[in-house]
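The values are calculated or read from the model by the stated rules, or taken from the named source; none is laboratory data. This one's a predicted model, so the numbers in the text were calculated from it and none came from an experiment. Please note: Cβ atoms are built from the backbone with ideal geometry, for glycine as well, and neighbour counts cover all protein chains shown.
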Amino acid sequence: MASIPKGERDSFGSSIGVIAATAGSAVGLGNIWRFPYVAGENGGGAFLLIYLGFIMAIGFPVMLTEFTIGRRAQKNALGSFKKLAPGKPWYLIGLMGIVAAFLILAFYSTIAGWTLEYLFQAISDGFNGKSAVELKDSFESFQATPFRPVLWQLIFMFLTGYIVFSGVKNGIEKYTKVLMPILLLLIIIISIRSLSLEGAREGLNFLFKPDFSKITWGVVLDALGQAAFSLSIGMGTLITYGSYIKKTNNLSRTAFQVTAIDTFIAILAGIMIFPAVFAFGIDPAEGFGLVFIVLPNIFEQMVGGYYFAILFFILLAIAALTSTVSVLEVVVAYFSEELNLSRKKATIIGSVAISIVGIFATLSFGPLGKLQLLDKTIFAWFDYLSANILLPLGAIFIVLFVGWYLGKKNVIDELSNGGTLKLKMIGVFMFIIKFLAPIAITAVFIYGLGLI
Ligand code: TRP
């Protein structure tokens, strides 16, 4: 591995690498675990439609906006604002992003840990011969125990720290390029099996036939939160990654491709999960455990299910890993550039601190389950606060910053690579980030939270 000369910043090597790493960040448990459970809780089809609307009208523009900030400033999520707006309070957006990173990684690593347990069970043939009810019971008793889930979580945090430690190009970029396409292929194969189950049609209807009577402002807010979470926007991950993107990269094209890949995989995950949900008589509003209860049922019924299960959970863990890495990178880039810690120290301090917070999230499925506020456990609060509150709030300020403070001239310069690329629809883009996105997010927010 070529080491990075002092004073120079690490960066992504190629444009394929940029897409792999950014799609690696976007595609993760958000698509395969969170999307189906949130869609299931919110009634399916109508939720999907609103979600897709948010992805196009808000998600993609915000992603592009974050890239613009990061590549322009060549700094971490907080330092970027300081550099582009010296002496102004805009850097507080970055600070909020660091807080969001802590919360997200704390609960995300709980679920990431579950994927390791399930990999372990898959290897030891733990799903074989079990009925749907037994599979549900075994999931519930596993998550409620204090020891194993925490152990897996810590192992996962260790792996995350290890990759971040190794740097951007030689760690993140190299592996995602190969592994993400395999994951996609596998999801397609499992979807086909799921679609051929008896009663699959009902699942497809649930996912694709919108029932507008199910829509409330709460559902709309959930869709917005899920869109932000899935695209990794609103907390500076893409500002940080943007700062590693070369000046010759076509940012608009990259953002478009990543958005498309992420959305495609979320929909496929829905096609994989919902037919099976109905075929096995599972409640689509089952919640956090949905995917872990449904998937083993499909494997149990598949020819070669034993092998598919193993491969699937390996890849799911990897998809999660390329996402956790991108969240930890936000914290580490901040610690090392702003607080002058070495990358090593920054990684260790960041991962240990987050792991400690994370243990509380994991234990809230067991011993700390009774600790609830307004019917939500610690885990549920971390999930809700980060996705539905901090990310949309971050997105509002990020677009306002670029739309009103950085301004059109800078945006055109950055997105056209100094005038070498032709920009289409820059007027539409500026309109979205100056007006549409901030107003729409604020409105969803106010109504979704029941503030009015
Ligand atoms: N998008 C990732 C997923 O879907 C999770 C993630 C990574 C994330 N970085 C983020 C979410 C930044 C919000 C903000 O699994």
> Filtering region 28-72 down to residues that are within 13 Å of the ligand (Cβ to nearest atom) and among the charged types (D, E, K, R), which residue is modelled with the lowest pLDDT?
Replying inline: R34
> Do we have G289 as small (G, A, S), more than 16 Å from the ligand (Cβ to nearest atom) and closer than 21 Å to E202 by Cα here?
Replying inline: yes
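Conditions tested, residue by residue: (1) within 15 Å of the ligand (Cβ to nearest atom); (2) on the phi > 0 side of the Ramachandran plot; (3) out of contact with any Leu (no Cβ under 8 Å at 6 or more places or on another chain); (4) assigned to a helix (DSSP H, G or I).
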position	(1), (2), (3), (4)
L179	yes, no, no, yes
L184	yes, no, no, yes
P210	no, no, no, no
L224	yes, no, yes, yes
T240	yes, no, yes, yes
K247	no, no, yes, no
Q257	no, no, yes, yes
> What helices (runs of 4 or more DSSP H), lying completely within region 339-452, carry at least 3 residues that are touching a residue at least 40 places away in the same chain (Cβ under 8 Å)?
Replying inline: 343-363, 378-384, 391-400, 407-415, 437-448
>> Take the residues in region 317-347 that are closer than 18 Å to V178 by Cβ and modelled with pLDDT under 90; name whichever of them is farthest from the ligand (Cβ to nearest atom).
In response: I318
> Out of curiosity, is S25 within 16 Å of the ligand (Cβ to nearest atom) and in contact with a Ser or Thr (Cβ under 9 Å, 6 or more places away or on another chain)?
Replying inline: yes
>> Looking for something in contact (Cβ under 8 Å) with a residue 40 or more places away in the chain, buried (at least 24 other Cβ atoms within 10 Å of the Cβ), within 16 Å of the ligand (Cβ to nearest atom) and aromatic (F, W, Y) - is there at least one such residue anywhere in region 114-125?
In response: yes
>> Condition (residue is part of a helix (DSSP H, G or I), crowded, with 21+ Cβ neighbours inside 10 Å and modelled with pLDDT under 85) applied to region 150-158: is it met by at least one residue?
In response: no
